[in-house]
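Here's the structure, in structure tokens; my notes come after.
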């Protein structure tokens, strides 16, 4: 067997594999013996079909199988031994490959073409890419601190209900000022005093002590049966009266900008005053901005790389390779473009 390699174009090579009968004879005989063993021919016992008949029946296909095995193995060996860095796998060279008469020819030549991976050398020593370091303004820092105050309130449980408290109550269906036996009841009902828009209804709750018990109509309290159902649940008779017991009042108040609050926001830092707290908030904001600007820097670097790197590819081969490896999903007509200068 003889293998030769030549250059066909930019990053395109041709590989010629010349095969003689001795190169595949052993593989062919092995294949024919296996076929004889498996053959089921009327008039002959299994494994006893004459070899001449086997060759007549299967000789061409067995020869092709043996050739494919030998050629494939040696093509792979050539690629490995010569450390060829290829784009994809070699294809049969349709320009050079001639049809073979398997019945008459014993010595054959097989031609392949393959694309070499282009060598890329880039010097970015003098390439400049803008990097954005975003520094928050004092106004932006103050806005974040205000948001932190709103999202981290001091929570207390006062003895009497205030204007903006959140209440936890028990509800029991009532009629004529008395609880209905077997009627609707529910514990752990929560609502905010801000949900009560009617001033008259709000007065029923303001200054009530925790533990207080009284009759209300939630449809009137919240303005409609639909709004009442949002608090009580869809299974409640929202238009009915209810006896309620206030179990808890929860009050959220804006905290002071003191060491206790600083520790709550930055538990791992020792912050004593507002200036130091603002600096810490500003530093955290800068870190967040870095997480946003790093991808911008990366994309700009990629753009510079794409703009700087151009190389030659064997377009006709690559298009044929894409079609051949698409399993019928892509046709030659689907591939548009013919420029041989291809950006990386």
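The values are calculated or read from the model by the stated rules, or taken from the named source; none is laboratory data. These numbers come from a predicted model, not from an experiment. Cβ placement follows ideal geometry from the backbone for every residue including glycine, while neighbour counts extend to all protein chains displayed.
Structural remarks
- When restricted to residues that are out of contact with any helix residue (DSSP H, G or I) (no Cβ under 6 Å at 6 or more places or on another chain) and surrounded by fewer than 16 Cβ atoms within 10 Å (Cβ to Cβ), segment 66-83 contains 9.
- Residues located in segment 217-239, provided they are crowded, with 20+ Cβ neighbours inside 10 Å and closer than 16 Å to residue 168 by Cβ: 218, 221, 232
- Of the set (1) closer than 30 Å to residue 259 by Cβ; (2) touching a residue at least 60 places away in the same chain (Cβ under 8 Å), all apply to residue 132 but (1).
- Condition check for residue 112: in contact with a strand residue (DSSP E or B) (Cβ under 7 Å, 6 or more places away or on another chain), more than 30 Å from residue 297 (Cα to Cα) and either in a loop (DSSP other than H, G, I, E, B) or modelled with pLDDT of 90 or more (or both): yes
- For segment 102-128, filtering for residues that are within 30 Å of residue 317 (Cβ to Cβ), surrounded by 12 or more Cβ atoms within 10 Å (Cβ to Cβ) and touching a residue at least 60 places away in the same chain (Cβ under 8 Å) leaves 11.
- Residue match in segment 279-288 (condition: in a loop (DSSP other than H, G, I, E, B), at pLDDT 85 or above and exposed (fewer than 13 other Cβ atoms within 10 Å of the Cβ)): no
- Of the strands (runs of 3 or more DSSP E) lying entirely inside segment 1-95, the ones with 2 or more residues being over 21 Å from residue 325 (Cα atoms) are found at 2-9, 12-19.
- Only listed residue being modelled with pLDDT under 90, out of contact with any helix residue (DSSP H, G or I) (no Cβ under 6 Å at 6 or more places or on another chain) and more than 28 Å from residue 114 (Cα to Cα), chosen from 98, 56: 56
- Residue list for segment 260-275, restricted to those being within 17 Å of residue 142 (Cα to Cα) and exposed (fewer than 14 other Cβ atoms within 10 Å of the Cβ): 273, 274, 275
- Only residues that are more than 30 Å from residue 205 (Cα to Cα), modelled with pLDDT under 95 and either in the same structural domain as residue 210 (by TED's automatic domain parsing) or in contact with a helix residue (DSSP H, G or I) (Cβ under 6 Å, 6 or more places away or on another chain) (or both) were counted in segment 128-176, giving 5.
- Given (1) exposed (fewer than 13 other Cβ atoms within 10 Å of the Cβ); (2) modelled with pLDDT of 85 or more; (3) more than 30 Å from residue 312 (Cβ to Cβ), number of the condition residue 2 does not satisfy: (3)
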